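Trainee: Please read through the structure below; I'll follow up with questions.
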Amino acid sequence: MSNENKEWPLWEVFIRSKAGLDHKHAGSLHAADAQMAIENARDVYTRRMEGVSIWVVESKHIHASNPEEAAAFFDPAQDKIYRHPTFYNLPDELKHM
Amino acid sequence: MTQVSFEASFQKKIDEEIMIEPQDYMPDEYRKTLIRQISQHAHSEIVGMLPEANWITRAPSLRRKAVLLAKVQDEGGHGLYLYSAAETLGITRDQMLQQLHTGAAKYSSIFNYPTITWADMGAIGWLVDGAAIMNQVPLCRTSYGPYARAMVRVCKEESFHQRQGYEIMLTLAKGTPVQKQMAQDALNRWWAPALMMFGPLDAVSPNTAKSMEWRIKRFTNDELRQRFIDVTVEQIRILGLDLPDANIKWNEERGHYDSSELNWDEFWNVVKGNGPCNKERLATRVKAWEDGAWVREAASAYAEKRKTKKAA
Ligand SMILES: [Fe+2]
Ligand SMILES: [Fe+2]
């Protein structure tokens, strides 16, 4: 009844909801090729005008950071509060800065 | 980290309401429970298309036809969001479909009841989708990220499903005496099965405690069922229909409506495959899959052809 080796590949779908905004991950779906993935994505993820543009990427091409190393990996940013504007002590009467 | 510390840090994340994502550590039981729950949920959306699809060609106006078609298409979409969420846990789409088609997997028993009149389209949208919404809204904050995100999408789309159903009921209830009787009959037939959608009584639901601890579930079956009864009784009054259960009475002390004990023998009987439509639903589903084989093969062949053309 089913045919394991013939399962269509998995695609990740990214949608731009309106001009000027980034494409955002919406979900995934199976399709035989990229063209079909885009058409299916339209039917599955934009039935209510949720998008003006669709990207699809075969899931196997996505590389991700390792969640087990997340703490160490993102650690270098943690002690650099001087990267934020609120770090600087400036007089209250200073405007527009 | 040792196994014990992995589990402790997992539970700590859950307790701090931090979402679990596909690549994160999770206990095997958590994974298994989620695969079962999400795939059952997906199957319910897919099989749930059948009783309503049955009425698309007989909808009484073009407006009702367009609406019903859109609703059924949404349910197909819900099934797809949920299958994708389950796949992030390491089960394949084919495995899940196989479990559905061989009868190894369950789907909501509500879809094993027949839809015999047009009023059933009203009662299903109103009560069945209504009960589903009651179940699903808390799942938007469930602990597994892909499931929660799928549920946010589903819940956004469900609200029109319930409203279109209620509108059908309202139209019938304000119509001729025969139409009103049809609405009443549909309410009477769907009431108890809809209440059973919340699952067995807490007292005999062994998975509830663990699911609550893991924040897969946020309310018990009985809590959600009671909440559904309380809001629905008011909606029945607005329709001007009779209550479907003579024992529905406001209980001042509890601050809730009391109602009759449900027929749990019937529930388990339907779950075990002996409901009025179990065999028909499964056969229809398997036939649709088998009849679609040539389409899947043709699409694969076409994709292959395009690929070799591009390479050339
Ligand atoms: Fe749905
Ligand atoms: Fe629905």
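Trainee: Sort out which residues of the stretch B:33-50 are open to solvent by 10 Å² or more (accessible area, probe 1.4 Å) and among the small types (G, A, S), and write them in order of number.
Mentor: The answer is B:S44, and nothing else.
Trainee: Here is a further query. Kindly indicate which of B:I35, B:I46, B:I14 is over 21 Å from B:R93 (Cβ atoms) and outside any loop (DSSP other than H, G, I, E, B).
Mentor: Just a single option satisfies the conditions, and that option is B:I14.
Trainee: Quick one: in the stretch B:51-66, which of the residues that are assigned to a helix (DSSP H, G or I) and open to solvent by 40 Å² or more (accessible area, probe 1.4 Å) is nearest to B:C277 (Cα to Cα)?
Mentor: B:A53
Trainee: Looking at the stretch B:152-167 only, could you name the residues that are of a type outside the set (S, T, N, Q) and either within 11 Å of ligand 2 (Cβ to nearest atom) or farther than 14 Å from B:G76 by Cα (or both)? Before you say what the answer is, go through the steps one by one.
Mentor: Filtering the stretch B:152-167 for residues of a type outside the set (S, T, N, Q) gives B:152-158, B:160-161, B:163, B:165-167.
Result: B:V152, B:V154, B:C155, B:K156, B:E157, B:E158, B:F160, B:H161, B:R163, B:G165, B:Y166, B:E167.
Trainee: The conditions are (1) without any contact (Cβ under 8 Å) to a residue 12 or more places away in the chain; (2) more than 12 Å from chain B (Cβ to nearest Cβ); (3) over 23 Å from B:V72 (Cβ atoms), and A:S53 fails exactly one of them. Which is it?
Mentor: With respect to (1) without any contact (Cβ under 8 Å) to a residue 12 or more places away in the chain; (2) more than 12 Å from chain B (Cβ to nearest Cβ); (3) over 23 Å from B:V72 (Cβ atoms), A:S53 is out only on (1).
Trainee: Also, quick follow-up: Could you figure out which of (1) more than 14 Å from every other protein chain (Cβ to nearest Cβ); (2) surrounded by 13 or more Cβ atoms within 10 Å (Cβ to Cβ) isn't true of B:D265?
Mentor: (2)
Trainee: Collect the residues in the stretch A:16-36 that are over 23 Å from B:A301 (Cβ atoms), open to solvent by less than 80 Å² (accessible area, probe 1.4 Å) and within 12 Å of another protein chain (Cβ to nearest Cβ), keeping them in residue-number order.
Mentor: A:A26, A:G27, A:S28
Trainee: Something else: Hey, among B:S159, B:S205, B:S211, which residue is out of contact with any Asp or Glu (no Cβ under 8 Å at 6 or more places or on another chain), within 14 Å of another protein chain (Cβ to nearest Cβ) and either closer than 27 Å to B:R31 by Cβ or within 16 Å of ligand 1 (Cβ to nearest atom) (or both)? Explain how you work it out, then say what you get.
Mentor: Values: B:S205 fails: within 14 Å of another protein chain (Cβ to nearest Cβ); B:S211 fails: within 14 Å of another protein chain (Cβ to nearest Cβ).
Matching residue, one of B:S159, B:S205, B:S211: B:S159.
Trainee: Sticking with this structure for a sec: If I ask for residues that are among the small types (G, A, S), touching a residue at least 24 places away in the same chain (Cβ under 8 Å) and away from ligand 2 (no atom under 13 Å from the Cβ), which ones from the stretch B:50-80 would you list?
Mentor: B:A59
Trainee: Taking only pairs six or more apart or across chains, which ones have beta-carbon atoms under 6 Å, a first residue in the stretch B:138-156 that is away from ligand 1 (no atom under 16 Å from the Cβ) and part of a helix (DSSP H, G or I), and a second residue that is open to solvent by less than 10 Å² (accessible area, probe 1.4 Å) and of a type in the set (A, V, I, L, M, F, W, C)?
Mentor: Taking only residues 6 or more apart or on different chains, the pairs are B:P146/B:A85.
Trainee: Go through the stretch A:56-97 and count every residue that is in a helix (DSSP H, G or I), away from chain B (no Cβ under 12 Å) and closer than 30 Å to B:D74 by Cα.
Mentor: If we filter the stretch A:56-97 for residues that are in a helix (DSSP H, G or I), which is where we start, we get A:59-61, A:67-77, A:81-83, A:85-87.
When the remaining residues are screened for being away from chain B (no Cβ under 12 Å), the result is A:60-61, A:72-77, A:81-83, A:85-87.
Adding the requirement that they be closer than 30 Å to B:D74 by Cα leaves A:60-61.
Number satisfying all stated conditions: 2.
Trainee: For B:V47, are the conditions met, namely being under 25 Å from the mean Cα position of the chain (by Cα), within 16 Å of ligand 2 (Cβ to nearest atom) and within 14 Å of another protein chain (Cβ to nearest Cβ)?
Mentor: Taking the combined requirement at face value, the residue does not satisfy it.
Trainee: I've got another one for you. Could you list, in sequence order, the residues of the stretch A:10-26 that are of a type outside the set (A, V, I, L, M, F, W, C) and either more than 30 Å from B:T102 (Cα to Cα) or modelled with pLDDT under 95 (or both)?
Mentor: A:R16, A:S17, A:K18, A:G20, A:D22, A:H23, A:K24, A:H25
Trainee: Every residue in the stretch B:128-166 that is of a type in the set (S, T, N, Q) and open to solvent by less than 30 Å² (accessible area, probe 1.4 Å), please.
Mentor: Listed by number, the residues that qualify are B:Q136, B:T142, B:S143, B:Q164.
The values are calculated or read from the model by the stated rules, or taken from the named source; none is laboratory data. Not measured: the values here are computed from a predicted model. In this analysis, Cβ positions are derived from the backbone assuming ideal geometry, glycine residues included, and neighbour counts consider all displayed protein chains. To get the accessible areas, we keep the full protein, side chains included, count just its heavy atoms, and leave off ligands, DNA and RNA. Shrake-Rupley method; radii C 1.70, N 1.55, O 1.52, S 1.80 Å.
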